[in-house]
1. Filtering segment 1-41 down to residues that are closer than 14 Å to PHE71 by Cα and of a type in the set (S, T, N, Q), which residue is most open to solvent (accessible area, probe 1.4 Å)?
2. When you go through ILE34, ILE30, ILE78 one by one, which is the residue that is more than 16 Å from the chain's Cα centre (by Cα), modelled with pLDDT under 95, outside any helix (DSSP H, G or I) and on the phi < 0 side of the Ramachandran plot?
3. Provide a single number: the residues in segment 1-19 that are among the aliphatic types (A, V, I, L, M) and under 13 Å from the mean Cα position of the chain (by Cα).
4. Quick one: in segment 73-100, which of the residues that are of a type in the set (Phe, Trp, Tyr) and in contact (Cβ under 8 Å) with a residue 40 or more places away in the chain is least open to solvent (accessible area, probe 1.4 Å)?
5. LEU44 versus (1) open to solvent by less than 100 Å² (accessible area, probe 1.4 Å); (2) within 20 Å of GLU2 (Cβ to Cβ); (3) in a helix (DSSP H, G or I): which is the lone unmet condition?
6. Would it be correct to say that TYR88 is part of a helix (DSSP H, G or I), touching a Lys or Arg at 6+ places or on another chain (Cβ under 9 Å), among the aromatic types (Phe, Trp, Tyr) and within 19 Å of ASN3 (Cα to Cα)?
7. Residues in segment 4-27 that are modelled with pLDDT under 90 and polar (S, T, N, Q): how many?
Amino acid sequence: MENNLKVARVHNFLTYCYGITIVMTLIIVIFIGIISYWVIFLLLALYALHYFVAKGAKEKKGWAKITSTVFAIIILIIFPVGTLVGIYLLLNNSDWNEAN
């Protein structure tokens, strides 16, 4: 499998994770009301960003490679899962070139 498709799959997985987190957060807000709405907006922004990076990675876009690399570096500090995902993204971001 091409590395850009591996990167796209990781970002799709993160999109699904953020989607589930958004639904859970909305349930907490509706029934308990203890979370601020800015948390939901932040999660929605991350959801959308990962969605578009996954789409760009499938098409081998240069901006998707750069954005994915930035995400990978940021999530390296989230030990242990983020570290593993970040390393995986960095390794797979280094081997695919931008589409013509």
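The values are calculated or read from the model by the stated rules, or taken from the named source; none is laboratory data. All values reported here derive from a predicted model rather than from experimental measurement. Cβ coordinates were reconstructed from backbone atoms using ideal geometry, including for glycine residues, and neighbour counts include every protein chain displayed. Ligands, DNA and RNA are stripped out before the accessible areas are found, and what is left, the full protein with its side chains, is counted by its heavy atoms. Shrake-Rupley method; radii C 1.70, N 1.55, O 1.52, S 1.80 Å.
1. Per the stated criteria, the residue is ASN12.
2. Numbers: ILE30 fails: outside any helix (DSSP H, G or I); ILE78 fails: more than 16 Å from the chain's Cα centre (by Cα).
None of the others qualify; the one that does is ILE34.
3. Applying the first criterion (among the aliphatic types (A, V, I, L, M)) to segment 1-19 yields 1, 5, 7-8, 10, 14.
Remaining after also requiring under 13 Å from the mean Cα position of the chain (by Cα): 7-8, 10, 14.
Matching residues across segment 1-19 total 4.
4. Within segment 73-100, the subset of a type in the set (Phe, Trp, Tyr) is 79, 88, 96.
Then drop every residue that is not in contact (Cβ under 8 Å) with a residue 40 or more places away in the chain, which leaves 88, 96.
On the way: TYR88: 98, TRP96: 8 Å².
Result: TRP96.
5. Among (1) open to solvent by less than 100 Å² (accessible area, probe 1.4 Å); (2) within 20 Å of GLU2 (Cβ to Cβ); (3) in a helix (DSSP H, G or I), LEU44 violates only (2).
6. Working: part of a helix (DSSP H, G or I): yes; touching a Lys or Arg at 6+ places or on another chain (Cβ under 9 Å): yes; among the aromatic types (Phe, Trp, Tyr): yes; within 19 Å of ASN3 (Cα to Cα): yes.
Yes; evaluated as a whole, the condition is true for this residue.
7. 1
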